[in-house]
Amino acid sequence: MPGHQRRALVAEREGAMPATGNLRILCVHGVGHRDAALAWRDGWREDITAGLARWNPRADPEFSFVEYDQFFAASAITPAVVAESLLKLTTSGIAYGIGDALGRPRGRAPLSETVRWTAGMVAQWAADDEVRRSAERAVAAEIGRFDPHVICAHSLGSLLGYGALAAEPALARGRVLVTLGSQIGNPFVRSAFGGRIVAIGSARQWFHLFNREDGAFTAPIRLAAGNFEQVDAYFDIPGGLDHDAGEYLRHENTAVRVWQPIALPAPRTRGLTRTVEVWKSAAVRVRRPHRALLVGIDEYPDPANRLEGCVNDVYRMSEVLQELGLDPADIRVVLDDRATTKGVLERTAWLLDDARDGDVRVFFYSGHGAQLPDYGAEGEIDHKAECLVTYDFDWTPEHCITDDHFVELYSQLPYGMRFVGILDCCHSGGMTRDGVARVRGLNPPDDIRHRSLRWDASREMWIPRSLKLADANIVRTEADRRAFLGAEGATKRLGRGVGLWTDQRHFQRARATYGNHKGGYTPIMLQACREAELASEYRHGVTSYGAFTYSLTTIFRQLRRQTSLQQLLPLVARRLRELGYDQQPVLSGPKVQLRRSLLEFARPGARRGDSARSQGARTSTTAKRRQKKAA
């Protein structure tokens, strides 16, 4: 055996990547009937080989290509299913990307061949379990036959590749997964995978190439795993979807972050994992495990909508968090005209970034709330979403904060960290005044209000429309509906969105199939009032606060944190009643978290200090007893 082959064999047995002449690369295409359009294979072969040859001129990898279109061709797909899937794939509730580029399918209009093999394939993957699993099995079979070192998967192919490896982790052992133009991180896609994307622990490395301009429902993946790396592959082609596989494969960051560690011969690298560790160690930064984002809006553009106590609420909440032990450097504040939808979402991404077990993250919002009636796949109003009214709010999903926005950020959080959302607003109130009290909710303008009404000719009255339930398997009875959706029937509620789009039985089955995990992360939510109630402002002398924020922080300080959230809320509710406010605060979240002492939400240093002070107090008391007894 020649020396270089012997070295490559030894390196491979020791866990390093083989020399590129021995590399086997499996390619999985995306949407678009690629089995019939074979030109993509030559393009991928050239782009990948060129990327490897940049670092190793002798690169001559072997390729194999998965075919799976037959499973999608054999299954019927209707325009309504396509429209529904496109709608659910968009976090904003409005079809964009593929939907806009190809024309949004509605009603009973026939599907064109282009839509059939693009949006239609995505819809089938989302709606048809058997089609999805059949295609995943085809990918798994080719992995077993070809035994690739690298699996490179684009768009829909990345969903099939991830699904195959998540369902059978042994298939990933020692391999590199490269996903590009992928929808894996999309909230709706996560629902099909059981509400959560899991690390592929047996894989040597997973590179996720993400382009923020890609309009084909792609999304970043927030995954804390040592063998996972998201690579920024930004490009912007005027007038296009920015979804082209070649642009991803040829990107400079792909060449440096992906092809270089794969291409370098084993004796020079000590394996891909070691190379990645060196890269990551060069970018070491100080972690801030405990963070808070505080949002307050008094000065809304419309003078009629302005409030008085929201900025004061932010400062009062900051006081309490610092008393609890949070460092001022770990608290970010955004107020008034800076609290636009984009501004809040960008800072929320910072809030939840790099979260790990044991971390505490707090989101506080003080301002107006509203309920946004929105359209379904058929162009009909079929749901109402609770939303936070940002400074640039205009009664559209693009300019407010809904649960869809939050799900994108919180559903992938590690189970062992604590994320608390505190909302001092209401979601269905009006701008009425009650003495000095000001209500924190917006009534919709008449054209928006019309969406939720219907004319009852027999009674000659406008009455509320009955909206479809989000999931009949979650909400079976009227009691279930009220408990989950609220008295006003909002089908999307803040902090409660994970899993709503999936049949509950399918949801449980998906969890068992793809990683056997616990589903999406569920945050702790404290809200100022029930859905049909009003959250009011309170004037403390000449200073205004939210009645809920003031009562919550006052009770919290009096208890000195020696209680749980579950015990705290009834005391806050009683204080609100004593002050004359008809609002019942709401607490939701995992029961095990709600029963925890508030001491556990403090920073570790603060807890140790509290323990030391408590121990000191006990020691002092014991000493006094002994002295008294001796006397």
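Observations, loosely collected:
- Working from label points 7 Å from Cα in the Cα-to-Cβ sense, the T340 to S597 distance is 4.6 nm.
- Potential lengthening between R24 and N253 on full extension [0.36 nm per residue; Cα-Cα distance subtracted]: 80.2 nm
- Loop sites in segment 156-222: trypsin sites (Lys or Arg not before Pro), DSSP, at most 14 other Cβ within 10 Å: R173, R212
- Given +1 at the Cβ of Lys and Arg, -1 at the Cβ of Asp and Glu and no other charges, the dipole of segment 155-222 around its Cα centre is 240 debye to the nearest 20.
- Highest average first, the peptides 508-521, 33-46 ordered by how many other beta carbon atoms sit within 10 Å of their residues are 508-521, 33-46.
- At R0 = 51 Å, FRET efficiency that the Cβ-Cβ distance of S202 and R577 yields, to 0.05: 0.35
- Residue order by solvent-accessible surface for W350, W259 is W350, W259, largest first, with ligands and nucleic acids left out and a 1.4 Å probe.
The values are calculated or read from the model by the stated rules, or taken from the named source; none is laboratory data. Please read all numbers here as calculations on a predicted model, not as lab measurements. Every residue, glycine among them, receives a Cβ derived from its backbone with ideal geometry; neighbour counts consider all protein chains shown. Protein only, heavy atoms only, side chains kept; ligands, DNA and RNA dropped before computing areas. Shrake-Rupley method; radii C 1.70, N 1.55, O 1.52, S 1.80 Å.
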